1. Which Cα, out of Leu70, Phe176, Gly303, lies furthest along the positive dipole direction of the chain (beta carbon charges, K/R +1, D/E -1)?
2. Tell me, what is the 1.4 Å probe accessible area of Asp165, in Å² to the nearest 10?
3. Let me check I have the definition right: for region 112-231, take the eigenvalues of the Cα gyration tensor, multiply each by 5, take square roots. What are those semi-axes in whole Å, largest first?
4. What does the charge count near Gly303 come to, summing +1 for each Lys or Arg and -1 for each Asp or Glu among other residues with Cβ under 12 Å from its Cβ?
5. Exceeding 23 Å between C-alpha atoms, which entries from my cross-link table qualify? They are Lys84/Lys322; Lys76/Lys110; Lys115/Lys226; Lys199/Lys281; Lys44/Lys258; Lys89/Lys199.
6. Determine the shape class of region 46-106: with a ≥ b ≥ c the square roots of the Cα gyration tensor eigenvalues, call it rounded for a/c under 1.5, and otherwise prolate if a/b is greater than b/c, oblate otherwise.
7. Once you list every other residue whose beta carbon is under 11 Å from the beta carbon of His78, what net charge do they have if Lys and Arg are +1 and Asp and Glu are -1?
8. Counting only heavy atoms of the protein chains, get the accessible area per residue of the chain (1.4 Å probe) and round it to a whole Å² value.
Amino acid sequence: MDNLNQLKSLITQWSIELGFDDIGISDINIQEDEHHLNDWLKNKYHGSMFYMEKHGNKRSRPDLLVNGTLRVISLKVHYYSREKYQATKDIKNSKEAYIANYALGRDYHKTIKNKLRSLVSRIQKYSKIEGQNFFVDSAPVLERAFARDAGLGWIGKHTNLINKDHGSWFFIAEIFTDLPLPIDIPSKNHCGTCDECIKICPTQAIVAPYQLDARRCISYLTIENKDAIPVNMRKPIGNRIFGCDDCQIFCPWNKFAKQSIEKDFLPNKNLLNQPLETLFKWSKTEWENQTKGSALRRAGYSGWLRNLAVALGNTATTKSSKNLLISRLNDTSEMVKEHIEWAIGEQNQS
Ligand code: B12
Ligand code: SF4
């Protein structure tokens, strides 16, 4: 096809047919973001996520990752699947487990990769790139920076990408291409003087606007971190047993958030609004059955028990919760045991 504008329109049309919610195209120059990434790494804000420091400049230079890349096609898929404003209520219900919105349904990597594969197969006949060129949190790519430049939203002070019309509850995916497609206009920042996310973050993880110290972020502490949760972080975790949404829940732009229409992201009923005690009773086999094909697998079973022990330590004592904690003292790892002992100690005090 000679006309690149025409091809861009076709790609947009295909992406909507495949269930993407938005699409935009950028060039590959994000120098300023590369500096921010390097400072972030120097500050050790990535904690034990060593994969963040492993790939040199590949994260910010697509042509180092896939030779010949000229453009990044960024795509978004909405994932919010709770009732509107229900998340605000759920984080306050200390007897029930709060699981981050993005993890309530099927693992997004799987669903979105399938969509990407179909889109790429249609684009591929116009391109010379060979091998893997589509990603969704699956390669060293500064996804939010490219999506911002493609006009899909701005990076908010909490560091998530926000769209003026759709809020921030969406995933980002991208296709690298050697086609010199027309690029879109980067999104403008609309945070203004607001700092709601910085004030509300339970662990003060947003250490300055646009800078997140992951080591303090509940998402990192409950998912990426495989070790003990620092004691001073346990209370503010509350009932959040996998990930955290607070900075997005309280962001005013999420008044405009769109509900997901992707059936794969509908919540697993056994994960939504479940009593902490019910989930803490799950055996490893039950956990494996319930988390098949889910992002929850990332924390592992011992991470699951560790997080639930912390949440139980943050609830008011009942006879059954205390007995339950005691009953699991001897069938877990030393790391989990220490969290259960902490929780029992907290319950004794309440
Ligand atoms: C590592 C990681 C995490 C880490 C660290 C998060 C972080 N902020 O870096 C942890 C585990 C904490 C995490 C948590 C979450 N994550 Co995450 N994560 C990633 C991952 C793999 C890399 C992010 C990254 O590159 N970080 C490096 C730092 C340097 O980037 P940054 O913080 O965004 O900083 C940018 C700007 O803020 C700015 N900047 C930095 N410093 C400064 C300083 C100044 C002065 C200025 C002006 C600017 C500036 O430049 C930076 C580069 O663009 C991406 C996937 C990907 N490959 O991109 C998903 C990704 C960012 N995560 C995602 C999601 C959904 C989440 C959670 C919402 C999940 C949850 N509910 O628990 C939370 C949100 C927490 C938050 N507020 O960020 C989505 C975000 C979608 C969106 N709409 O933005 C992504 C894009 C995955 C995807 N494909 O959809 N995540
Ligand atoms: S809460 Fe306010 S400062 Fe934070 S991302 Fe949303 S608009 Fe920006």
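The values are calculated or read from the model by the stated rules, or taken from the named source; none is laboratory data. Bear in mind that the values here come from a model prediction, so they are computed numbers and not experimental data. FYI the Cβ positions are ideal-geometry reconstructions off the backbone, even for glycines, and counts take in every protein chain you see. With ligands, DNA and RNA removed, areas are computed over all heavy atoms of the protein, side chains included. Shrake-Rupley method; radii C 1.70, N 1.55, O 1.52, S 1.80 Å.
1. Sorting the options by dipole projection puts first Gly303.
2. Per-residue accessible area (Asp165): approximately 100 Å².
3. Calculated on Cα positions only, the semi-axes equal 32, 20, 10 Å.
4. Taking every Cβ under 12 Å from that of Gly303, the sum is +2.
5. Table pairs above 23 Å Cα-Cα are Lys84/Lys322; Lys115/Lys226; Lys199/Lys281; Lys44/Lys258.
6. Oblate, because a/c is 1.5 or more while a/b does not exceed b/c.
7. Cβ neighbours under 11 Å give a net charge of -1.
8. On the way: 16090 Å² over 350 residues.
Each residue of the chain exposes 46 Å² on average to a 1.4 Å probe.
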